[in-house]
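The block underneath contains the structure these notes are about, expressed in structure tokens.
The values are calculated or read from the model by the stated rules, or taken from the named source; none is laboratory data. Remember, it's a predicted structure, so these values are computed and weren't measured experimentally. In this analysis, Cβ positions are derived from the backbone assuming ideal geometry, glycine residues included, and neighbour counts consider all displayed protein chains. Heads up: the accessible areas ignore ligands, DNA and RNA and are worked out on the full protein's heavy atoms, side chains in. Shrake-Rupley method; radii C 1.70, N 1.55, O 1.52, S 1.80 Å.
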Amino acid sequence: MINLLDLEPAALDAFFAERGEKPFRARQVSRWVHQRFVDDVGAMTDIARPLRERLAAEAGIRGPRVLRDTTASDGTRKWLLDAGKGNAVEAVYIPEDDRGTLCISSQAGCALDCAFCSTGKQGFNRNLETGEIVGQLWHANRTLLMDGIRAPWVEAGRAPITNVVMMGMGEPLANFDHVVPALRLFLDDNAYGLSRRRVTLSTSGLVPWIDRLRDECPVALAVSLHAPTDALRDGLVPINRRHPLAELMAACRRYLDKAPRDFITFEYVMLDGVNDQPTHAHELVRLVRDVPCKINLIPFNPFPGSEFGTSPRERIRAFARTLQDAGIVATIRKTRGEDIDAACGQLAGQVQDRVKRRLAARIPLAVAR
Ligand code: SF4
């Protein structure tokens with residue numbers, strides 16, 4: 001049975017064309033699924049009954065199965081979703097005054113093994129299918145609406161989720177073939193209709209795939225940097241050994257040719273005594289000198305078994321000031337959902353610890369076109 005959440009716009013068009021139906025049927029069904037969030041073909045009341053019955057025989061709408069649903073005192077809400085065979089992934093809703101952001105996962109686990117990351121510690125399990133990625137957004141919108149969410153844009157007829165960040169579990173560019181169709185649905189006017197500026201993909205730096213994303217589906221780009229030199233980054237973000245910083249910075253500059261925003265966001269997790277010294281701040285200034293960017297400093301959120309500590313608040317502020325004094329836009333991320341372990345991978349890691357599989361076995365070396 002086909003899951004309609006799996007079909008990107010072109011695939012849904014093809015589905016109806018193969019059955020001799022007019023293209024507008026695809027648009028009609030897309031709006032029922034991705035804008036009205038129905039879970040039953042029978043509910044699509046403006047589609048003639050015979051077609052509905054044929055459609056129901058072949059296709060359905062299968063959203064994620066929720067294992068746990070937790071809301072923090074600050075309103076951050078985390079869904080732990082079944083990914084089969086004892087695996088789980090997380091989607092995190094972050095409410096703010098002027099937007100509703102959903103942080104989406106792209107893989108169950110991750111092979112990249114970043115030293116400070118809870119997801120990396122679980123090893124890689126599998127890539128999520130397009131429908132499982134889209135299903136997170138579908139589920140969040142549907143659930144928040146059913147719960148009667150109050151927000152000005154919802155009262156004006158828009159969906160609760162206004163912004164998507166692909167920053168959950170997994171390296172999205174390592175699951176390119178399922179992530180890009182999902183992005184196309186996020187952007188499509190007959191689906192979620194988000195602007196490219198409101199969809200951010202975060203990567204640890206898979207350079208060939210950054211280029212491919214620029215060519216095929218440019219959205220706002222965030223890069224998990226975390227260190228200003230190759231010597232330090234090689235230890236924190238092991239993919240750096242394959243794609244060192246000079247290569248990564250060049251890819252960022254190329255990306256900006258087609259990016260919907262005129263800057264790259266660099267994420268930099270502040271690890272006590274590791275990457276948070278004044279020399280690191282000055283090295284970072286030199287590194288990003290030629291890349292229009294914003295730098296987001298992230299206080300480290302420790303998890304059981306992590307070897308790192310959180311940088312003291314004053315050191316983070318001093319680091320930010322050094323960047324700002326050099327003319328760089330630098331912000332310190334507010335920590336959200338601390339009482340529900342909302343940092344990437346923390347809850348899923350409690351469900352099942354997986355054996356790590358090594359980096360080299362999992363990361364494609366070249367881009368297949
Ligand atoms: S930080 Fe991202 S890329 Fe690195 S191990 Fe964690 S999920 Fe994977």
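A few points about this structure:
- In plain terms, the bigger the Kirkwood radius, the slower the diffusion; for the stretch 231-327, with that radius from Cα pairs, at 37 °C and 0.692 mPa s, Stokes-Einstein puts D at 226 µm²/s.
- Folded to 0 to 90 degrees: helix 207-216 orientation relative to the chain principal axis, Cα: 40 degrees
- Close amide-amide hydrogen proximity is noted between residue 264 and 293, 294, each under 5 Å apart and 5 or more residues distant or on a separate chain (H modeled in the peptide plane; Pro and chain starts excluded).
- Accessible carbon and sulfur surface of the stretch 167-242 relative to its total accessible area, %, 1.4 Å: 41 percent
- Phi angles across the stretch 251-261 convert, under the Karplus curve 6.51 cos²θ - 1.76 cosθ + 1.60 with θ = phi - 60°, into 3J(HN,Hα) values of 5, 5, 5, 5, 4, 5, 4, 10, 5, x, 10 Hz, Gly and Pro given as x.
- Remark on residue 74: its backbone amide H falls under 5 Å from those of 337, a criterion applied only to residues 5 or more positions apart or on other chains, H modelled at 1.01 Å from N.
- Going by accessible surface with a 1.4 Å probe and the largest first, 334, 121 read 334, 121.
- Looking at the stretch 2-60, the pairs of alpha carbons with a distance over 12 Å make up 63% of the total.
- Cα→Cβ-extended label distance, 7 Å offset, between residue 56 and residue 250, nm: 5.8 nm
- Surface per residue (accessible, 1.4 Å probe) for the chain, Å²: 43 Å²
- Of the peptides 42-49, 279-286, 296-303, the ranking by mean beta-carbon count within 10 Å, highest at the top, reads 296-303, 279-286, 42-49.
- Computed from Cα atoms, the angle from the helix 23-34 axis to the main principal axis of the chain rounds to 60 degrees.
- As a fraction of the 1.4 Å probe accessible area of the stretch 2-60, surface on carbon and sulfur atoms comes out at 51 percent.
- In the chain, the calculated helix contribution to ellipticity at 222 nm averages -10000 deg cm²/dmol per residue, counting -39,500 (n - 2.57) for every DSSP H run with n ≥ 4.
- Residues in the stretch 44-61 carry Karplus couplings, in order, of 7, 6, 8, 10, 4, 3, x, 5, 4, 5, 5, 4, 5, 6, 10, 9, x, 10 Hz; the curve used is 6.51 cos²θ - 1.76 cosθ + 1.60 with θ = phi - 60°, and Gly or Pro positions show x.
- Distance between the C-alpha centres of the stretch 21-55 and the stretch 66-122: 30 Å, rounded to the whole angstrom.
- Our coupling estimate for the stretch 286-299, obtained by passing each phi through the Karplus curve with A = 6.51, B = -1.76, C = 1.60 and θ = phi - 60°, is 5, 4, 9, 3, 9, 10, x, 7, 10, 10, 10, 8, 10, x Hz, Gly and Pro reported as x.
- Potential extension, residue 115-residue 189 segment - 0.36 nm per residue separation minus Cα distance: 22.7 nm
- Among 128-138, 258-268, the peptide with the highest mean count of other Cβ atoms within 10 Å heads the list, and the full ranking is 128-138, 258-268.
- Intensity falloff of the stretch 291-342 expressed as log10 I(q)/I(0), Debye formula with alpha-carbon point scatterers, at q = 0.17, 0.18, 0.19 Å⁻¹: -0.62, -0.67, -0.73
- Available extension along the chain between residue 317 and residue 126 is 64.9 nm, counting 0.36 nm per residue and deducting the alpha carbon span.
- Estimated from the Cβ-Cβ distance and a Förster radius of 41 angstrom, the FRET efficiency linking residue 279 and residue 211 is about 0.80.
- Solvent-accessible surface (1.4 angstrom probe) belonging to residue 176, in square angstrom, nearest 10: 10 Å²
- Label sites at residue 230 and residue 73, each approximated as a point 7 angstrom past Cα along Cα to Cβ, lie 4.7 nm apart.
- Relative to the longest principal axis of the Cα atoms of the chain, the long axis of helix 130-146 makes an angle of roughly 80 degrees.
- Residue 204 long-range amide H proximity, modeled H, under 5 Å: 224
- Estimated inter-spin distance, residue 22 and residue 329, nm [label 7 Å along Cα→Cβ]: 4.5 nm
- Farthest positive-ward along the chain dipole, Cα basis, beta-carbon charges - from 180, 137, 42: 180
- Mean sequence separation of contacting Cα pairs (under 8 Å, at least six apart), scaled by the length of the chain, corresponds to a relative contact order of 18 percent.
- Centre separation in Å (Cα based) which lies between the stretch 243-314 and the stretch 126-166: 29 Å
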